[in-house]
Amino acid sequence: MLKKESPHKFSLWMLAWPIFIEQFLQFLLGAVDTLMVSHLSDDAVAVVGFSNQLFNALTTLFVTVASGAGILIAQKIGSAKEEEARTVGIIGLKVTALIGLVLSVVLIAFPGPIARILQLPDELMSLGETYISIVGGGMILTALIAVLSTEIRSTGNTKAPMLIAVGMNLIHIALNYCFIFGRFGFPQAGLAGVGVSTVTSRTLACIVLFIIFLNAFSRKINFKDLRLFDRKLFKEIMDIGWPLGVNSASWFFSQLVIFSFLAMLGAKELAARTYMNTLESFCFLLGFSVALALQIQVAHLFGGGRTKEAYKASYKALAIGLPLVTLNALILVFCGRSLLGLFTDDPVILNIAESLLWLNMLLQPGKMLNMALGNSLNAVGDARYTMTVSLIVMWIVAVCGSYLLGVSAAWGITAIYSCMIADEYTRGVFSFVRWRARKRLRIKEQEMEHEAANQQSWNGGSGGKPAGAVFFS
């Protein structure tokens with residue numbers, strides 16, 4: 001018996017608010033990590049920030065499958081193909097887990113060479129090797145959390161990942177406290193303890209997410225169903241997923257390269273950028289939640305053939321998201337110095353980070369425009385366009401511009417940040433022009449008209465009802 005879908009299940013509000021809570025808690029996880037690690041040293045903070053850029057870049061290798069599966073699940077549910085949605089979920093889980101396992105093995109085996117290739121300063125190398133090997137060794141957990149959360153959200157259930165994020169954060173914060181300060185009989189393990197805390201909390205989250213995943217679709221998934229594989233559906237996942245993966249990889253690896261430029265400037269610039277990353281993440285939380293919910297909503301509407309609603313949904317989301325991120329950025333301008341003071345008392349680092357707060361006012365609306373319309377294009381299967389634009393614009397404007405102006409011309413971190421702003425707006429404008437053209441939406445409308453014409457012709461040729469057909473109301 002199929003589950004009855006709530007008419008409001010895929011509304012922007014119902015999708016967005018649990019995503020916001022989940023993302024806020026993920027931000028809290030990162031902020032508390034940074035705050036607690038700052039009690040160890042600013043060098044430890046720089047290592048965590050640097051390592052997280054590496055981990056984020058590597059996640060794109062499995063986000064390719066997870067994102068493609070998530071969008072396809074929402075489309076299949078929108079077109080009432082529940083069994084196909086279920087199979088897509090199983091395929092996405094298995095392939096993502098395999099990629100995560102390979103990454104874990106590589107990061108455990110080669111933390112030092114990886115850190116040296118990415119230009120981690122020599123004074124940070126020992127801490128970097130320890131942290132990369134422990135947290136990087138748990139990349140399979142990151143992969144599982146990513147795919148399970150994405151697929152569960154794509155069924156319209158955004159509350160479950162939110163609740164699990166609450167539990168994961170509480171456990172992580174508690175273990176951080178125990179390991180950093182040596183409380184309740186735990187050893188005072190420093191940055192290695194933070195790594196163990198991260199891996200432990202993610203392991204518990206994976207277990208609960210997997211149990212929820214087994215019951216996420218109209219028919220429960222049994223362990224024997226995990227053997228299912230459908231080449232046609234896997235191809236559909238990859239048709240959507242590989243451009244998304246390249247797009248995400250382009251962004252994350254460009255950020256990793258930019259972080260290597262910052263490392264050339266010095267450890268203080270690297271630490272300042274890490275602290276600013278934490279504040280920026282908080283600033284964009286609402287906007288990101290709206291954009292992620294929009295992708296699920298547009299994919300669901302598009303799958304159900306409601307193309308006009310899908311088109312308008314993007315502009316409604318922008319009307320909500322742009323004021324939110326602008327207001328958040330303005331608040332950060334006035335409160336940023338006090339917040340930065342929670343993390344460090346180094347006057348050089350504080351001055352560097354504070355100088356970027358006004359630039360963040362320009363950055364956030366560009367990110368909102370780019371992410372909302374880019375997600376909408378991805379949701380209707382136009383991911384190759386966003387991928388192409390990202391590959392060209394990101395590496396020319398953000399990466400090359402950062403090196404030429406920030407490093408070669410010695411204009412420093414302000415020039416690098418300005419190039420990142422220019423990149424966001426340029427890609428946002430390209431996405432806006434493409435979405436206005438409604439290319440994929442028109443193709444979908446033509447396909448529906450063609451199918452309707454064929455159905456009418458077929459029914460008309462057999463007296464209005466195909467022989468032997470059974471119709472259910």
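Heavy atoms of the protein chains alone define the surface here; on that basis the chain has 43 Å² accessible area per residue at 1.4 Å probe size. Normalising the average separation of contacting C-alpha pairs (under 8 angstrom, six or more residues apart) by the number of residues puts the relative contact order of region 159-301 at 13 percent. Placing R0 at 22 angstrom, the Cβ-Cβ distance between A192 and L101 gives a FRET efficiency of 0.45 after rounding to 0.05.
Relative to the compact-globule scaling 2.2 N^0.38 Å, provide the ratio for the alpha-carbon radius of gyration of region 52-115. Can you show the working numbers first?
Details: Rg = 15.1 Å, N = 64, 2.2 N^0.38 = 10.7 Å.
My calculation over the Cα atoms of region 52-115 gives 1.41.
Could you grab the relative contact order for the chain? Cα pairs under 8 Å, six or more apart, rounded to a whole percent. Don't jump to the answer; show the numbers that get you there.
Working: 700 pairs, mean separation 99.2, N = 473.
21 percent.
Of K232/K312; K94/K316; K235/K316; K312/K367; K316/K439, which sit over 25 Å apart, Cα to Cα? Before the final figure, lay out each step's value.
Values: K232/K312 31 Å; K94/K316 36 Å; K235/K316 32 Å; K312/K367 20 Å; K316/K439 19 Å.
Table pairs above 25 Å Cα-Cα are K232/K312; K94/K316; K235/K316.
From largest accessible area down, sort D43, D346, D382; use a 1.4 Å probe on the protein chains.
Working: D43 65, D346 30, D382 10 Å².
Result of the area sort, largest leading: D43, D346, D382.
Our coupling estimate for region 48-63, obtained by passing each phi through the Karplus curve with A = 6.51, B = -1.76, C = 1.60 and θ = phi - 60°, is 4, x, 5, 5, 5, 5, 4, 4, 4, 5, 6, 4, 4, 5, 9, 5 Hz, Gly and Pro reported as x.
Need one number for the chain: average projected area of the convex hull over its C-alpha atoms, nm².
23.4
Report, to the nearest whole %, how much of the accessible area of the chain belongs to carbon and sulfur atoms, 1.4 Å probe, protein only. Intermediate results must be reported in sequence, preceding the final value.
Working: 13570 of 20530 Å².
C and S fraction of accessible area: 66 percent.
Of all aspartates and glutamates in the structure, the ones whose alpha carbon falls short of 17 Å from that of K444, not counting any fewer than 8 places away in one chain, are E236, D239, E309, D382.
Under the rule of -39500 (n - 2.57) per DSSP H run of 4 or more residues, summed and divided by the residues of the chain, what mean residue ellipticity at 222 nm is obtained, to the nearest 500 deg cm²/dmol? Write down the numbers at each step before the final one.
On the way: 17 runs with 371 residues, N = 473.
It lands at -27500 deg cm²/dmol.
Couplings 3J(HN,Hα) of region 85-91, computed from phi: 4, 5, 5, 4, x, 5, 4 Hz, in residue order, whole Hz [Karplus 6.51 cos²θ - 1.76 cosθ + 1.60, θ = phi - 60°; x for Gly and Pro]. Its Cα gyration tensor gives region 59-191 an equivalent ellipsoid. The semi-axes, each the square root of 5 times an eigenvalue, are 34, 21, 10 Å from largest down. The convex hull of the Cα atoms of region 235-298, projected and averaged over all directions, covers 5.4 nm².
Farthest toward the positive end of the dipole of the chain, out of L362, N56, A379, is the Cα of A379, where the dipole comes from beta carbon charges about the Cα centre. Here the alpha carbons of region 294-418 define both size measures, Rg and Dmax, at 18.5, 57 Å.
The values are calculated or read from the model by the stated rules, or taken from the named source; none is laboratory data. What you are looking at is a predicted structure, and each value in this text was computed from that prediction instead of being measured. For neighbour counting, all protein chains shown are included, and Cβ atoms are generated from backbone atoms with ideal geometry for every residue, glycine included. Side chains are part of the model used for accessible areas, which takes the heavy atoms of the whole protein and leaves out ligands, DNA and RNA. Shrake-Rupley method; radii C 1.70, N 1.55, O 1.52, S 1.80 Å.
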